[in-house]
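Structure, as structure tokens:
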Amino acid sequence: MLTALDIARDEAPSGSLTDLSSETAPIILEGDVLLRSVAGGGGPMARVAGEDDAGSVLGRMLLLLRPDPSRLDAWFLAGFLDDTDNIAGASTGTATIQVQPGRLRVPLLPLDEQRHYGEAFRRIRELRTAASRAADASRDAAALLATGLTTGALLPPDHDSG
């Protein structure tokens with residue numbers, strides 16, 4: 001099952017079907033646009049379902065949009081739905097911020113233009129994913145180095161060498 005946290009963390013589906021209150025949740029298809037219905041906590045609000053998502057069940061606090069690819073580019077749609085200002089303008093509430101999907105703005109553009117935007121949004125998502133993985137790897141490396149120093153497995157560099 002795909003969860004809202006999976007989208008926020010840009011990770012593969014991690015939920016369990018026992019987390020669902022009903023057994024009628026839709027099955028995700030590759031190319032679907034997935035949107036968190038509750039804002040906050042950082043991370044992406046929307047994404048295009050990929051190979052890893054296909055066949056998963058849609059979890060709570062998620063909305064599924066299935067654009068007709070002959071009329072609407074999925075990456076174009078997800079890119080505009082994920083925009084911070086767009087989410088802020090379509091959100092209500094103070095303690096729990098609910099996204100009102102009908103209030104989200106998506107420009108009306110010809111399909112060829114949508115595809116150009118969509119490709120740019122897809123590349124931005126790849127950049128964000130790569131940057132996030134690099135940051136995670138840096139944190140892991142720093143933690144390992146610190147552990148090595150505190151356990152005596154590593155020695156600090158010679159002060160005179162640099």
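The values are calculated or read from the model by the stated rules, or taken from the named source; none is laboratory data. Keep in mind it's a predicted model, so treat the numbers as computed, not measured. So basically every Cβ, Gly included, is an ideal-geometry build from the backbone, and we count neighbours across all protein chains shown.
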Which condition number does Thr129 fail, the rest of (1) touching an Asp or Glu at 6+ places or on another chain (Cβ under 9 Å); (2) within 30 Å of Pro156 (Cα to Cα) being met?
(2)
Quick one: Leu2 ticks every box in (1) without any contact (Cβ under 8 Å) to a residue 60 or more places away in the chain; (2) buried (at least 19 other Cβ atoms within 10 Å of the Cβ) except a single one, so which number is it?
(1)
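Answer with yes or no whether Asp53 is among the acidic types (Asp, Glu), under 28 Å from Ala131 (Cβ atoms) and surrounded by fewer than 19 Cβ atoms within 10 Å (Cβ to Cβ). Walk me through how you get there before you give the answer.
Details: among the acidic types (Asp, Glu): yes; under 28 Å from Ala131 (Cβ atoms): yes; surrounded by fewer than 19 Cβ atoms within 10 Å (Cβ to Cβ): no.
No: the conditions fail for Asp53.
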For the stretch 60-98, name all the residues that are part of a loop (DSSP other than H, G, I, E, B), more than 15 Å from Pro44 (Cβ to Cβ) and modelled with pLDDT of 90 or more.
Arg66, Pro67, Asp68, Pro69, Ser70, Arg71, Leu72, Asp73
One residue is enough: does the stretch 130-137 have a residue meeting the conditions surrounded by 11 or more Cβ atoms within 10 Å (Cβ to Cβ) and either at pLDDT below 95 or within 18 Å of Leu77 (Cα to Cα) (or both)?
yes
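Take the residues in the stretch 5-24 that are outside any loop (DSSP other than H, G, I, E, B) and loosely packed, with under 15 Cβ neighbours inside 10 Å, then tell me which one is modelled with the lowest pLDDT.
Residues of the stretch 5-24 that are outside any loop (DSSP other than H, G, I, E, B), as a first pass: 5-9, 17-19.
Filter again for loosely packed, with under 15 Cβ neighbours inside 10 Å, leaving 17-19.
Details: Leu17: 75, Thr18: 69, Asp19: 62.
Across the stretch 5-24, the extreme among qualifying residues is Asp19.
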Every listed condition ((1) buried (at least 16 other Cβ atoms within 10 Å of the Cβ); (2) β-branched (Val, Ile, Thr); (3) modelled with pLDDT of 90 or more) holds for Ile27 save (1)
Pairs needed: first member in the stretch 43-66, over 15 Å from Ser16 (Cα atoms) and in contact (Cβ under 8 Å) with a residue 24 or more places away in the chain; second member anywhere, assigned to a strand (DSSP E or B) and of a type in the set (Val, Ile, Thr); C-beta distance under 7 Å; at least 6 residues apart or different chains.
Ala46/Val33; Val48/Val33; Leu65/Val33
When you look at Thr150, is it surrounded by fewer than 10 Cβ atoms within 10 Å (Cβ to Cβ), of a type in the set (S, T, N, Q) and part of a helix (DSSP H, G or I), yes or no?
yes
Kindly check whether there is at least one residue in the stretch 70-90 that is in contact with a Gly (Cβ under 9 Å, 6 or more places away or on another chain), within 26 Å of Met1 (Cα to Cα) and among the β-branched types (Val, Ile, Thr).
no
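Could you check, for the stretch 115-130, whether at least one of its residues is under 21 Å from Gly15 (Cβ atoms) and either out of contact with any helix residue (DSSP H, G or I) (no Cβ under 7 Å at 6 or more places or on another chain) or free of Cβ contacts under 8 Å to residues at least 12 places away in the same chain (or both)?
yes
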Among (1) small (Gly, Ala, Ser); (2) surrounded by fewer than 18 Cβ atoms within 10 Å (Cβ to Cβ); (3) under 13 Å from the mean Cα position of the chain (by Cα), there is one condition Gly79 misses while meeting the rest; what is its number?
(2)
